[in-house]
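Everything below concerns the one structure shown next.
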Amino acid sequence: VRVLVTGASGLLGGRLALLLARDHAVVAARHETPLPAGLDAVTFDLLSPASIAETVVQSQAEAVVHSAAFADADRCEADPALAHRANVVACEALARACRTHGVRLLALSTDLVFGGDAAPARETDDPQPILVYGRTKLDGERAVLDGCPGAAVVRVALVHGRGHGRRGTASESIAWQLAAGRTPRLFVDQFRTPVDAESVADLLQRLLASDAHGVFHAGGPERMSRHDLGLRVAASLGASPGQIVALRQDEAPQAAPRPRDVSLDCTRAHAVGWRPRPVAAGVALDRRGPDA
Ligand SMILES: NC(=O)c1ccc[n+]([C@@H]2O[C@H](COP(=O)([O-])OP(=O)(O)OC[C@H]3O[C@@H](n4cnc5c(N)ncnc54)[C@H](OP(=O)(O)O)[C@@H]3O)[C@@H](O)[C@H]2O)c1
């Protein structure tokens, strides 16, 4: 399949573009940050609906994996108008273009569409986001599903394992701090079902190979706090558990306080045969540094 991957320079999006390129003709949508080497590229601006429509046509894609987003929850809280343009208006334009040109649309969303007080959240539940980021991503999901019948939305949990670019995934950033002799301070009261990019790519492959549509949850098989994840990373590196410092959210307030528990139930994703890797296997894929 000829697949346009937007956000192909992102922490998750870059890794997905490379993994999908093993089986598909990937065209990567380029903005400011360098793309993974070896991919065909088209330029693209998420904030310009005209550029989005043009990119869909120019790429001659049969499918789009939409990964580009304004994905920093604290920055979204500070600039809700920009978050709305990037996460909602762009999805409206993309859905319109995909419907017009008969292109299959798979859009990435987040576990943070949920409010965190009714875990595990099912694909059929009605999300009640508490963050600007989650609200705009939920509105973006609706724009995709209403604007492009047959589209699928994949809600991704906290990403661990191997990522792309300068930033590390949740497990990489812990591993890099430990390697630098620092003591990661990690929340004991934020629960997620971390998932690795390889597993997310596998779900996308299954969706590309089918006409399955609607919402799918991409969460890993284990529910854990960030502190639990830190202990797993320390164990995998032979570091002392004492190097991982436990912290409560109220001890380190964030611009956008995160929901307490956004663990995902992935029944619909499992029904297409998807089985995500255990956390230990994902953590083992970590890069030793951003350029590794
Ligand atoms: N990482 C996670 O833990 C996680 C968890 C759950 C869900 N997700 C979702 O997964 C998707 C990918 O996340 P990520 O981690 O790869 O995000 P990221 O590292 O923040 O990357 C965002 C991507 O969007 C692109 N982008 C931003 N503004 C743009 C613009 N105006 N025009 C064109 N492209 C633009 C960026 O390109 P430039 O840098 O060139 O601007 C970058 O490639 C997002 O939809 C996010 O909501 C991520």
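Restricting to DSSP H runs of at least four residues, report the calculated mean residue ellipticity at 222 nm for the chain, -39500 (n - 2.57) per run over all residues, nearest 500 deg cm²/dmol.
-10000 deg cm²/dmol, from helical runs alone.
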| note | Relative to the chain, whose Cα atoms define the longest principal axis, helix 226-237 and its Cα axis are tilted in degrees, nearest 10, by 80 degrees
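For every other residue with a beta carbon closer than 15 angstrom to the beta carbon of Leu207, add +1 if it is Lys or Arg and -1 if Asp or Glu, then tell me the sum.
Spelling it out: positives minus negatives among the neighbours equals -1.
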| query | Accessible area per residue of the chain at 1.4 Å probe, in Å²? | reply | 42 Å²
| Considering only Leu19, Ser48, Ala209, whose Cα is most displaced toward the positive end of the charge dipole of the chain, charges sitting on Cβ of Lys, Arg (+1) and Asp, Glu (-1)? | Leu19
| said: Going by amide H atoms built from the backbone, whose H comes under 5 Å of the H on Ser263, apart from near neighbours? | reply: Ala121
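Under the rule a/c < 1.5 gives rounded, and otherwise a/b versus b/c splits prolate from oblate, where does segment 114-166 land using the Cα gyration tensor? Don't skip to the answer; put the middle values down first.
On the way: a/c = 1.69, a/b = 1.16, b/c = 1.45.
Taking the square roots of the gyration eigenvalues as a ≥ b ≥ c, segment 114-166 is oblate.
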| Which cross-chain or sequence-distant (5 or more) residues have an amide H under 5 Å from the amide H of Asp286, H modelled 1.01 Å from N in plane? | Arg162
| said: Can you find, among Leu112, Ile174, Phe187, the residue sitting farthest towards the positive end of the charge dipole of the chain, where Lys and Arg contribute +1 and Asp and Glu -1 at Cβ? | reply: Ile174
| If you average the sequence gap of Cα pairs under 8 Å that are 6 or more apart and divide by the length of segment 101-205, what percent do you get for the contact order? | 27 percent
| said: Quick one: 3J(HN,Hα) in Hz for segment 263-279, Karplus 6.51/-1.76/1.60 with θ = phi - 60°, rounded, Gly and Pro as x. | reply: 4, 10, 8, 10, 3, 5, 5, 5, 5, 8, x, 7, 9, x, 5, x, 4
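Quote the charge dipole size of segment 183-222 about the Cα centre in Debye, to the nearest 20; the model charges only the Cβ of Lys and Arg (+1) and of Asp and Glu (-1). Working shown, then result.
Working: 3 positive and 6 negative charges, 28 e Å.
Around 140 debye, computed over segment 183-222.
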| What are the ³J(HN,Hα) values, in whole Hz, obtained from phi via the Karplus relation 6.51 cos²θ - 1.76 cosθ + 1.60 with θ = phi - 60°, for each residue of segment 45-57 in sequence order, with x given for Gly and Pro? | 10, 4, 8, 10, x, 5, 5, 5, 4, 4, 5, 4, 5
| remark: If one compares the long axis through the Cα atoms of helix 197-208 with the longest principal axis of the Cα atoms of the chain, the angle in degrees, nearest 10, works out at 30 degrees
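Classify segment 227-292 from the C-alpha gyration tensor, please: rounded if a/c falls under 1.5, else prolate or oblate depending on whether a/b exceeds b/c. Present the calculation step by step, with values, prior to reporting the outcome.
Numbers: a/c = 2.05, a/b = 1.16, b/c = 1.77.
Taking the square roots of the gyration eigenvalues as a ≥ b ≥ c, segment 227-292 is oblate.
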| Just going by the charge dipole of the chain, with Lys and Arg at +1 and Asp and Glu at -1 on Cβ, which of Ala93, Val154, Ala280 is farthest out on the positive end? | Ala280
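From the square roots a ≥ b ≥ c of the eigenvalues of the alpha-carbon gyration tensor of segment 1-107, which class results: rounded (a/c under 1.5), prolate (a/b over b/c), or oblate?
Numbers: a/c = 1.98, a/b = 1.26, b/c = 1.57.
In terms of gyration-tensor shape, oblate.
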| message | Please give the Cα centre distance for segment 2-36 versus segment 82-131, rounded to the nearest Å. | response | 19 Å
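For the chain, with all protein chains present and a 1.4 Å probe, just round the carbon and sulfur fraction of the accessible area to a whole percent. Could the numbers behind the result be given before it?
Details: 6130 of 12250 Å².
It is 50 percent, rounded to a whole number.
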| task | Could you grab the relative contact order for the chain? Cα pairs under 8 Å, six or more apart, rounded to a whole percent. | result | 20 percent
| Once amide H atoms are built 1.01 Å from N in the peptide plane, which residues 5 or more positions from Gly115, or in another chain, come under 5 Å H to H? | Gln128
| said: Can you tell me the orientation of helix 132-147 relative to the chain, as the angle in degrees between its alpha-carbon axis and the longest Cα principal axis, to the nearest 10? | reply: 30 degrees
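Would you mind working out the magnitude of the charge dipole of segment 212-258 relative to its Cα centre, with +1 at each Lys and Arg C-beta and -1 at each Asp and Glu C-beta, to the nearest 20 Debye? Provide the component values of the computation, followed by the final result.
Details: 5 positive and 4 negative charges, 13 e Å.
I would put it at about 60 debye.
Within segment 192-255, list the trypsin sites (Lys or Arg not before Pro) lying in a DSSP loop whose Cβ has at most 13 other Cβ atoms in a 10 Å radius. Walk me through the numbers on the way to the answer.
Details: sites: Arg192, Arg206, Arg223, Arg226, Arg232, Arg248; in loops: Arg223, Arg248.
Those satisfying the criteria are Arg248.
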| field | Total charge dipole magnitude, the chain, about the Cα centre, Cβ charges on Lys, Arg, Asp, Glu only, Debye to nearest 20 | value | 520 debye
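The values are calculated or read from the model by the stated rules, or taken from the named source; none is laboratory data. Just so it is clear, the structure is predicted and the values come from calculations on it, not from any experiment. Glycine also receives a Cβ, built like all others from the backbone with ideal geometry; neighbour counts cover every protein chain displayed. The protein model used for the area step is the full one, side chains on, heavy atoms only, and it has no ligands, DNA or RNA in it. Shrake-Rupley method; radii C 1.70, N 1.55, O 1.52, S 1.80 Å.
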